[in-house]
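Heads up: the structure comes next, in structure tokens.
The values are calculated or read from the model by the stated rules, or taken from the named source; none is laboratory data. For clarity, every value in this text was computed on a predicted model and none was experimentally measured. Neighbour counts are summed over all protein chains in view; Cβ atoms, including those assigned to glycine, are modelled from backbone coordinates with ideal geometry.
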């Protein structure tokens, strides 16, 4: 008989499998699930199982490097590489109908709601030529920018620390696809003013060392020339201190906002809002691969301060983060 953590994780896998099936995010014998047991071992669903009616025998314990049980899912190489590449604890791979249909037709998804922008963000799409993932390294690269990745003509892969969190992201994407599909029935060419503003290119040819004073000052210069930030800053009284911090390094920059303009750039984290992250996360942000709001919601970046208070300035800060990527880094 199995006790403790392993038994609890098996029950979690069985429970989430039933939820996915009940929500019709998987059908028949599609999809697979796994959970990190310890540094070297995971629990993973067996091949040919129905996630809606899993039993304890359908959840296999296996070494990350040597799956001894021949019943292990054919997607084991993908699960294994994900766990070797990230510290997250669970993986859901499922085949949502609307997501599959949408991305079989369109290359990208336009976020129509604030919830989609915050919880889903820009969705990476990986081309898929076979029923089983044969190039997991492409999925790994995509997962660096978002916790959920679409496998075109196949399904989605989502990683998190809890199955519930992964499920919420998948549900949010399925709902976003539904909203976008319905919106196109009303107006196929819908484009709001914020989207237009976000498409402006204010860049020069200069490239800066990431998180150098020159790099951040160039961002400040763009912010103080930006009409959208100034307009919304006036309307919403954007007066606050926001610091950005590089984990493990002394590099800290504090934006002192007054009515939508940065009146001073200082170098400490004495601020009600501090966004911190490791080098690779900030690099993804400055290259435009990651939205800081989404990265914060997914745990890739940390926020000190109340998100609810910060969100009142969502529009100007969305623009601010867009300007981050307009200043090129070396």
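One table, with the values for the structure above:
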read-out: Residue match in segment 263-274 (condition: surrounded by 14 or more Cβ atoms within 10 Å (Cβ to Cβ), outside any loop (DSSP other than H, G, I, E, B) and under 28 Å from the mean Cα position of the chain (by Cα)); value: yes
read-out: Conditions (1) in contact with a helix residue (DSSP H, G or I) (Cβ under 7 Å, 6 or more places away or on another chain); (2) not in a loop (DSSP other than H, G, I, E, B); number of the one not met by residue 13; value: (1)
read-out: Test: residue in segment 71-80 that is surrounded by 17 or more Cβ atoms within 10 Å (Cβ to Cβ) and more than 21 Å from residue 151 (Cβ to Cβ); value: no
read-out: Hits in segment 81-101 (condition: crowded, with 21+ Cβ neighbours inside 10 Å and over 30 Å from residue 63 (Cβ atoms)); value: 96, 99
read-out: Segment 185-225, residues that are surrounded by 14 or more Cβ atoms within 10 Å (Cβ to Cβ), out of contact with any helix residue (DSSP H, G or I) (no Cβ under 7 Å at 6 or more places or on another chain) and either in the same structural domain as residue 94 (by TED's automatic domain parsing) or modelled with pLDDT under 90 (or both); value: 200
read-out: Every residue from segment 55-70 that is closer than 14 Å to residue 14 by Cβ and in a loop (DSSP other than H, G, I, E, B); value: 55
read-out: Residue satisfying all of: in segment 71-87; in a loop (DSSP other than H, G, I, E, B) and touching a helix residue (DSSP H, G or I) at 6+ places or on another chain (Cβ under 8 Å); nearest to residue 161 (Cα to Cα) among these; value: 86
read-out: Residue count, segment 89-109 (criterion: over 27 Å from residue 34 (Cβ atoms) and either at pLDDT 95 or above or under 15 Å from the mean Cα position of the chain (by Cα) (or both)); value: 1
read-out: The listed residue being surrounded by fewer than 17 Cβ atoms within 10 Å (Cβ to Cβ), outside any strand (DSSP E or B), in contact with a helix residue (DSSP H, G or I) (Cβ under 6 Å, 6 or more places away or on another chain) and modelled with pLDDT under 90, out of 308, 288, 248; value: 288
read-out: Residue 259 vs. criteria surrounded by fewer than 17 Cβ atoms within 10 Å (Cβ to Cβ), touching a helix residue (DSSP H, G or I) at 6+ places or on another chain (Cβ under 9 Å), outside the structural domain of residue 172 (by TED's automatic domain parsing) and closer than 25 Å to residue 158 by Cα; value: no
